Amino acid sequence: MKFGTVGTGWITESFIEAARLSKQLQLVGVYSRTADKAKELANTYNAPYYFTDLEEMAKSEEIQAVYIASPNSLHFQQAITFLKNNKHVICEKPIFSNPGELEEAYRTAEENGVYLFEAIRNIHTPNFQILKENLYKAGKLRSTILPYVQYSSRYDLFLQGEEPNIFSAAYSGGALVDLGVYPLYLAVGLFGEPKKVTYFPVILRSGVDGGGTLVLEYDGFVSTILCSKISHSIIPCEIHGEKGSFVLEDAAPISEIQFVDSHTKESEILSVEQEEQNMVYECINIAGIIETDNVNEYEKLKNWSKIVLRITEEVRKQNNIVFAVEK
């Protein structure tokens, strides 16, 4: 399937490399607002076309799908442009700013006979599936700790008085929507939609969260998610049950899974070795859904995206975190 890209950052280059490894997606075009950047990226990855006009790219008959990795607040309008031109859209997380945008985009995709996906790498990996299939070993779940706490170099710029996109309400930024979505997707994919959600953020001068603690309440247990872009942690993720606990090296890409029996204290490694370029799995799965018209798998992913975006919107409202697109 021939695809194009919107965005010229490192995440775009990672997706291009993953697409190449998947052998199911072929890069044919790139977009940037500046011709020099577009041409440079196209030349680097042997793409025959480059664009500085989004509408022109959307109308191109050479492109069947597009990967969007622009600043968060731009995702929605860009996705709509491509969906209306009968292009499948793979949009980097967080897919949109709020559920209203998501619902409108899904309607547009359906009206034009194309698919819309959120690019979230951890739920497509083999180890996520292994964890999901072996979750029963823990018995009755009692608690989880799911951190994604990673200091951002862009916070240094913020401290110097600048306002990088990821720390800006103008660009729908913040730690929860940028990093917290990884453990949040993990929780939703494993445990479903929680009964109640509460967020305790560290609010920055820009009005968004630099970090925080998200509490998801389920029947009989609580899942605690820690996220931050202004500090760093090396603690693993843990899922605790009455019969045993899972220890995950990280929430994304779930590179190692260890199960520890509560009674014998014996442990076993359940994970398998994965591709270092772990975005390859989302490329394979997404291309497969499109090619085989796998409606059941698509609806599952749609539902997870809806739940995650409902949660992030609800807890933002709890803490008066308002994005510019919502004013």
### Query
In the stretch 261-313, carbon and sulfur make up what percent of the accessible area (probe 1.4 Å)?
42
### P(r), alpha carbons of the chain - 10 Å bins starting at zero, rounded %
6, 26, 34, 25, 8, 1, 0
### Summary
Note on the chain: contact order normalised by length, alpha-carbon pairs under 8 Å, 6 or more apart, percent, works out to 19
### Task
Sort all Cα-Cα distances of the stretch 130-249 into consecutive 10 angstrom bins from zero, then give the percent of pairs in each bin up to the one containing the longest distance.
14, 42, 27, 13, 4, 0
### Message
I need two numbers for the stretch 63-180: Rg to one decimal and Dmax as a whole number, Cα atoms only, in Å.
### Response
17.6, 50
### Listed peptides 31-40, 124-133, 155-164, 277-286 by packing density, highest first (mean Cβ within 10 Å)
277-286, 124-133, 31-40, 155-164
### Query
Between Lys195 and Ser267, what is the spin-label point distance in nm, taking each point 7 Å from the Cα along the Cα→C-beta axis?
3.3
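Which of Lys140/Lys302; Lys195/Lys302; Lys2/Lys87; Lys59/Lys93 have a Cα-Cα distance over 21 Å?
As for pairs spanning more than 21 Å Cα to Cα, those are Lys140/Lys302; Lys59/Lys93.
Please compute the net charge surrounding Arg33, taking Lys and Arg as +1 and Asp and Glu as -1 over other residues with Cβ under 14 Å from its Cβ.
Residues near Arg33 contribute -3 overall.
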#### Entry: Point-to-point label distance, Lys132-Val222, nm (Cα→Cβ direction, 7 Å offset)
2.8
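Using a 1.4 Å probe on the protein chains only, how many percent of the accessible area of the stretch 127-248 belongs to carbon and sulfur?
Working: 2550 of 4870 Å².
Using a 1.4 Å probe with all protein chains present, the stretch 127-248 comes out at 52 percent carbon and sulfur.
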### Message
Take Glu299 and Glu111, extend 7 Å from each Cα along the Cα→Cβ direction, and tell me the distance between the two endpoints in nm.
### Response
2.3
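Calculate for the chain the 222 nm mean residue ellipticity that helices alone would give, adding -39,500 (n - 2.57) per DSSP H run of length 4 or more and normalising by residue count, nearest 500 deg cm²/dmol.
Using -39500 (n - 2.57) per qualifying helix, the result is -11000 deg cm²/dmol.
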### Query
Which whole-Hz couplings ³J(HN,Hα) result when phi for each residue of the stretch 128-140 is put into the Karplus expression 6.51 cos²θ - 1.76 cosθ + 1.60, θ = phi - 60°, listed in order with x for Gly and Pro?
5, 5, 4, 4, 4, 6, 9, 4, 4, 4, 6, x, 5
### Query
Within the chain, what percent of beta bridges assigned by DSSP are antiparallel, to the nearest 5?
55
### Tail fraction, Cα-Cα pairs, the stretch 4-146, threshold 21 Å, whole percent
48
### Task
Place a +1 charge on the Cβ of each Lys and Arg in the stretch 1-86 and a -1 charge on the Cβ of each Asp and Glu, then give the dipole magnitude about the Cα centre in debye, rounded to the nearest 20.
160
### Query
From the residues Pro201, Gly174, Leu159, which one has its Cα farthest along the dipole of the stretch 79-204 in the positive direction, the dipole being from +1 and -1 charges on Cβ of Lys/Arg and Asp/Glu about the Cα centre?
Pro201
### Message
Give me Rg/Rg_expected for the stretch 255-327, where Rg uses Cα atoms only and Rg_expected = 2.2 N^0.38 Å with N residues.
### Response
1.70
### Summary
Answer in debye to the nearest 20: the dipole magnitude of the stretch 98-210 about its Cα centre, from +1 Lys/Arg and -1 Asp/Glu charges placed on Cβ, is 800
### Query
How much area per residue is accessible in the chain when the probe is 1.4 Å and only protein heavy atoms are counted (Å²)?
44
### Query
Under a point-charge model restricted to the Cβ atoms of Lys and Arg (+1) and Asp and Glu (-1), what is the dipole moment magnitude of the stretch 1-159 relative to its Cα centre, in debye to the nearest 20?
720
### Task
Keeping the other protein chains in place, figure out the carbon and sulfur percent of the accessible area of the stretch 1-125, with a 1.4 Å probe.
43
#### Entry: Semi-axes of the equivalent ellipsoid for the stretch 12-56, Cα gyration tensor, largest first, Å
19, 10, 9
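The values are calculated or read from the model by the stated rules, or taken from the named source; none is laboratory data. Note that this is a predicted model, so its numbers are computed, not measured. Virtual Cβ from ideal backbone geometry, glycine too; neighbours counted across all protein chains shown. Just the protein is used for accessible areas: all its heavy atoms, side chains included, with ligands, DNA and RNA removed. Shrake-Rupley method; radii C 1.70, N 1.55, O 1.52, S 1.80 Å.
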